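Any read-out appearing in this document is the output of simple, stated calculations on the displayed coordinates, not a laboratory observation. In this text, all values refer to a predicted model and were calculated from it rather than measured experimentally. Cβ placement follows ideal geometry from the backbone for every residue including glycine, while neighbour counts extend to all protein chains displayed.
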Amino acid sequence: MFAVQAYTPNSQPIDRSETVRLIDRQRPDWSLEQAFYADPAIFALERDLWFPRQWMLVAHASEVPEKGRYIVRQLFDEEIIVVRFGDGEDDIAAYYNVCTHRGSRLCAKDGRGKLLVCPYHAWSFRLTGELQSRQDLPASVDPEALGLHRVPCKGFGGLVFCGLDASSLPDIQPVADGLTGGLRENGLDRARIVARKNYLTKANWKLVLENFLECYHCRPAHPEYYRVNGHVKVTATRDADKAVEWQNEIEAWHSVIGDAEFHKGAWQAGDLDTMPFAMHRKPIGSGRNTLSNTGEGVSSLMGGRHAYDGGESGFRLGRLSFASAANDYVTLFQMIPRNAMETDVILTWLVDKDADNDVDADAISWMWDVTTVQDKKITEDNADGIMSRAYRPGPYTPLESQTSFFVQTYLSELRSLITGTRGATVSQWSAPKELFASPKAASCNTRL
């Protein structure tokens, strides 16, 4: 099967040497120049070089629960089909949503069937991708060469990941080895979806991610989130007294849950050849059982838990996908770059598959929904301001260290991909100690 190549309609020629000059004049620990947030040519460069190296969360396994079920999903600016082709846990494949006859879109929506059938000329394909309808082919054409174009696909812990180009992607197996246990302990492998929303944000994907990686803005922008989460005492403000309060909450939580649970965690910063991933645990704080408006439970306990422990597990799943697991529901985050000035921000809420059918989806989605609506507004305002002729990069504060590390990593990787050479190693992207209640978990590079 030949390699799938990307083509950007109406794209302008990319001056790669100029992009390298922009990278080289970037001040460490300052925000990016305007072109990185707005120039379609730089987005096209990311599309050609950086995006193909990223594994992306595309679905939850419950969306294709039995053989023949398929869903249509977005992978960057490509549309793909994710299908369950067998009865095994790992029998999930993905294909570009393109018929190999004359290029028609194959599936318009989610569905179920024994075959994938193109609506244009009724060419049909097996769930494993091979061409089924062969009777009309010229004798000189090899039907084996007309199977669907496969998309790299890997499932573990109830999640499904895809990437654009198998030859460019890092090995995902270390992530599966490092996180599957934690995902299962939080019930993701036996969950179902209760809500999903797309918060289309009219801003560059890097602005969306930069905002997500820091909580410096949480006090002025997120009053609900600030009220619910205790970690804001150290992630949203630099206040010695509040830091002591937070440490006391951590120690009290540690005494309740014990060492084994407290020290669970993993951290892999990642690079061009290594997929980043992380797991951290921390208390919600203020005696709350879960991440709800009242702090009281909103669904059945997940992952075989028998009681609330008042904690949250956070997961980093590559560069652009994340998960937050309270004891009774999970929120998945997908950030999908669409073009230079638009990003899909998709949130999916999961509960235990045996939870009541009349579970209150609004109560479950409340905190992250109100927070993401606010994030959409402030990020779009940020994008609007950056488009001004008056915009100049500004300095990151110590409370924005994770955002700064991301920017340094992005620039270093993009430069290496453009030039074909590896530059000087950037400062080690260390685990955010404020989000890891356990210092032991924050310092590890493998599963605990």
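Each residue of region 165-182 was assigned a 3J(HN,Hα) from its phi angle through the Karplus curve 6.51 cos²θ - 1.76 cosθ + 1.60 (θ = phi - 60°); the sequence is 9, 4, 6, 9, 6, x, 5, 8, 4, x, 5, 4, 5, x, 10, 4, x, x Hz, with glycine and proline shown as x. One way to sum up the overall shape of region 56-155 is the equivalent ellipsoid from its Cα gyration tensor, whose semi-axes run 23, 14, 12 Å, largest first.
Going by how many other Cβ atoms sit within 10 Å of their own, how do Met275, Met341 line up, fewest first? If I rank by nearby Cβ atoms, fewest first, I get Met341, Met275.
Seen against the Cα atoms of the chain and their longest principal axis, helix 401-419 is set at about 30 degrees.
Residue-wise HN-Hα couplings along region 31-36, as the Karplus relation 6.51 cos²θ - 1.76 cosθ + 1.60 with θ = phi - 60° gives them from phi, are 5, 6, 5, 3, 4, 5 Hz; Gly and Pro carry x. Under a GNM of the chain (C-alpha, springs under 10 Å), which listed residue has the highest mean-square fluctuation: Lys67, Lys154, Lys114? Fluctuation is largest for Lys114.
For the chain, a Gaussian network of Cα nodes joined below 10 Å ranks Val151, Val370, Val298 by mean-square fluctuation, and the top entry is Val370. What separates the Cα centres of region 85-147 and region 276-320 is a distance of 41 Å.
Extending 7 Å from Cα along the Cβ direction at Glu245 and again at Ser140 yields two label points whose distance is 7.9 nm.
About the Cα centre, and with charges only on the beta carbon of Lys, Arg (+1) and Asp, Glu (-1), how big is the dipole of region 56-155? Nearest 20 debye, please.
Roughly 260 debye for region 56-155.
For the options Glu185, Glu261, Glu79, a Gaussian network treatment of the chain with springs between C-alpha atoms closer than 10 Å singles out Glu261 as fluctuating the most. Across region 171-442, the relative contact order, built from alpha-carbon pairs under 8 Å that are at least six residues apart, equals 28 percent. Relative contact order for region 56-155: 24 percent, from Cα pairs under 8 Å spaced at least 6 residues apart, divided by residue count. Using the Cβ of Glu144 as centre and a radius below 11 Å, the other residues enclosed give a net charge of -1, where K and R count +1 and D and E count -1. Ranking Tyr199, Val228, Asn211 by how far each Cα lies toward the positive end of the dipole of region 184-246 (charges on Cβ) leaves Tyr199 at the top. If you plug the beta carbon distance of Asn357 and Ser286 into 1/(1 + (r/R0)^6) with R0 = 35 Å, you get a FRET efficiency near 0.70.
Taking the Cα centre of the chain as origin and assigning +1 to Lys and Arg Cβ atoms and -1 to Asp and Glu Cβ atoms, the resulting dipole is close to 600 debye. For region 163-225, the fraction of C-alpha pairs more than 12 angstrom apart is 82%. Since only Phe333, Ser388, Thr409 are under comparison, the one whose Cα sits farthest along the positive direction of the charge dipole of region 171-442, derived from C-beta charges on Lys, Arg, Asp and Glu, is Ser388. The HN-Hα couplings worked out from phi for region 308-317 by the Karplus form 6.51 cos²θ - 1.76 cosθ + 1.60 (θ = phi - 60°) are 6, 10, x, x, 10, 9, x, 10, 9, 10 Hz, whole numbers, x standing for Gly and Pro.
Mean separation of Cα pairs under 8 Å and 6+ residues apart, divided by the residue count of region 12-98: what relative contact order is that in percent? The value is 16 percent. Reported to the nearest whole Å, the Cα centre-to-centre distance from region 151-216 to region 351-374 is 19. Using a Debye calculation, one point per C-alpha and no hydration shell, please list log10 I(q)/I(0) for region 32-77 at q = 0.20, 0.24 Å⁻¹ in order. Treating every Cα as an identical point scatterer, log10 I(q)/I(0) equals -0.76, -0.90.
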